[in-house]
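Okay, structure first, notes after.
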Amino acid sequence: MNSKPTFVPGRKCSWKPRCWNMILGNVPLVQFLKQSLTDLLGSAGERNLETAAYVVSGASHSGKSRCLELFCQRLACRNRDPNNLDPCGKCLSCTNKEGQGSNEGLWSMMNEWGGGTGNSFMNVDASELGGRADVTGILERARDLDGPHPIVVLDEAHRIGMKKLDEMFLIPIMQYKCIWFFVTTYPEHFEQMFQNRLIRLQTTPPTEKELAGWIADRCDELGMPWNPEAVIIIVQRTGRIPGLALKALNEAALSKDGLTLEFAESWSPN
Ligand SMILES: [Zn+2]
């Protein structure tokens, strides 16, 4: 039972946090989302959260989108135990992957879950959007979202352009029943937006120790040899950004010797 996995060079580390305890860093964001889940699940879906709009900021690849995805998944999950804030990972809603990974047309870029609770979500990557017509389409779709707590996540929101966001989204964020999350690496662009209706949520990186422990654990899972000094170098070169550490792991996995000191010293995140 305890046999170590064999290291197969090139095997990717497809790790993804499936519950809140597996999230690295992101402390203020996770605290906020867990508290919101406690409020929303505890009210058995009867309480309506007031229309709210948030700007979620933090470095690229820091895990903020995954936090929001977990939040949406839990609200759609068929597990009705209000004390369990993790998505079950097994129900119809949690396992529904329809529409993901496709690039056909505007709407297939959105991952929508629902089914179980009748709650719906829209996750749009604004960097893949075109002109005004695309934005109009998002707003039309957002207006029609169903469920007690429909959610719109707009990743890379600054890509839409501040003027256009301010002009086109102000009325929807005040009047539609959605909870809005504008995700960005440039929170300063959102000053004075929407007549200051945005509530700010920030992310934080994990500690060096947390990230180092995480890298070592992933190497062990892959059966990949690792050098303790190499781990520290990777932690420092990533600026403690988990997504970049994952990138380093996958590049190390391509070499037959794994995470060696030599690999770490020549690795850069760009
Ligand atoms: Zn579930």
My understanding is that a pair violates if its Cα-Cα distance is over 27 Å; which of Lys12/Lys209; Lys64/Lys177; Lys34/Lys163 do that in this structure? Lys34/Lys163
Net charge dipole size for the chain [Lys, Arg +1 and Asp, Glu -1 on Cβ; Debye, nearest 20]: 340 debye
Met22 paired with Glu140, simple spin-label distance in nm, labels 7 Å along Cα-to-beta-carbon: 3.8 nm
Are there any trypsin sites (Lys or Arg not before Pro) in the stretch 61-92 that are in a DSSP loop and have at most 11 other Cβ atoms within 10 Å? List them by number. Arg80, Lys90
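Please find the FRET efficiency linking Glu128 to Gln31, where r is the Cβ-Cβ separation and R0 is fixed at 30 Å, and quote it to the nearest 0.05.
Efficiency, from the Cβ-Cβ distance: 0.50.
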Tell me, what are the semi-axes, in whole angstrom and largest first, of the equivalent ellipsoid of the stretch 154-223 as set by the roots of 5 times the Cα gyration tensor eigenvalues? 36, 13, 11
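Express in nm, to one decimal, how much length is gained between Glu262 and Glu208 on full extension, taking 0.36 nm for each residue of separation and deducting their alpha carbon distance.
17.4 nm
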Can you give the FRET efficiency to the nearest 0.05 for Lys4 and Gln236, using r as the Cβ-Cβ distance and R₀ = 25 Å? 0.35
Below 8 Å, C-alpha to C-alpha, sequence gap of six or more: please give me the relative contact order for the chain in percent. 27 percent
Mean residue ellipticity at 222 nm from the helices of the chain, using -39,500 (n - 2.57) per DSSP H segment of n ≥ 4 over the full residue count, to the nearest 500 deg cm²/dmol? -11500 deg cm²/dmol
Could you give P(r) for the chain, binned at 5 Å from zero, as whole percent values over all Cα-Cα pairs? 1, 6, 12, 15, 16, 15, 13, 10, 6, 4, 2, 0
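The numbers here are math on the coordinates, done by the rules we state, and not lab data. The structure presented is a predicted model; accordingly, all values stated were derived computationally and were not measured. Please note: Cβ atoms are built from the backbone with ideal geometry, for glycine as well, and neighbour counts cover all protein chains shown.
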